[in-house]
Amino acid sequence: MRTKLFLLICCCQFLGISQVFAQDDFYQRLVKATKEIINPSIKYDPSYVRLSYPGGDVPADRGVCTDVVIRAYRKLGIDLQKEVHEDMRANFSLYPTRWGMKTTDRNIDHRRVPNLMTFFSRKGQILPKSQKEEDYQPGDIVCWELPGNLPHIGIVIDRKVSGTNRYAVVHNIGRGQIAEDCLFAFKITGHYRYQK
């Protein structure tokens, strides 16, 4: 019996199954971290703020949609402020120039949805943008275009929307860091998974 178990473990490791389990564990932890930061009292505040670096954050009672993603990943020890800044510094020409920037700004670059989309496209996994509920899994990062061409971002969690097979999303669209059924509420412009 021990020999069979040993062979099964060896085969799983050879086939990369252990890596799959590790990835699943990472996304379970990301979902848990995302749910821990749900707080409807967070004030939507897009103000430019000078941040410490690395590990800088806007005041805890404030934030925008990108801060949901930044704070969830930070709970897992991943500092998107630092990661995005370093990648932008090394590859500035690959990032959007919508703001007329001539160089990086570690205070705001990671707090802009188009920059996060570029970063996740470069460093993460690009997933299909579809209208199929089953294509969106807990831990996925989804980006949208809101009316007025405004970019938006959130994280899919493991809470199903009542009466559907669709998962809820944690985001901040002006009502705090909340979980709600918004996956197909707007035009989807990006769908990613990211694990450092």
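The values are calculated or read from the model by the stated rules, or taken from the named source; none is laboratory data. Bear in mind that the values here come from a model prediction, so they are computed numbers and not experimental data. Every residue, glycine as well, gets a Cβ built from its backbone with ideal geometry; the counts of neighbours run over all protein chains shown.
Tabulated results
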| item | result |
| --- | --- |
| Qualifying residue in the range 58-78 (condition: assigned to a helix (DSSP H, G or I), touching a Pro at 6+ places or on another chain (Cβ under 7 Å), surrounded by 12 or more Cβ atoms within 10 Å (Cβ to Cβ) and not small (Gly, Ala, Ser)) | no |
| Tabulated pairs, the range 109-126, first over 18 Å from Glu145 (Cα atoms), second basic (Lys, Arg), C-beta under 6 angstrom, 6+ apart or interchain | Gly124/Arg193; Gln125/Arg193 |
| Members of the range 79-117 that are closer than 16 Å to Tyr48 by Cα, assigned to a helix (DSSP H, G or I) and among the hydrophobic types (A, V, I, L, M, F, W, C) | Val113 |
| Residue match in the range 136-144 (condition: without any contact (Cβ under 8 Å) to a residue 60 or more places away in the chain and surrounded by fewer than 19 Cβ atoms within 10 Å (Cβ to Cβ)) | no |
| Extreme residue, modelled with the lowest pLDDT, among residues of the range 20-52 that are polar (S, T, N, Q) and surrounded by 11 or more Cβ atoms within 10 Å (Cβ to Cβ) | Gln23 |
| Positions within the range 31-55 being closer than 23 Å to Arg106 by Cβ and within 17 Å of the chain's Cα centre (by Cα), in sequence order | Ala33, Ile37, Gly55 |
| Residues within the range 174-195 that are among the hydrophobic types (A, V, I, L, M, F, W, C) and either surrounded by fewer than 18 Cβ atoms within 10 Å (Cβ to Cβ) or more than 18 Å from Val31 (Cα to Cα) (or both), tallied | 4 |
| Odd one out for Phe120 among (1) part of a strand (DSSP E or B); (2) of a type in the set (Phe, Trp, Tyr); (3) closer than 24 Å to Leu51 by Cα | (1) |
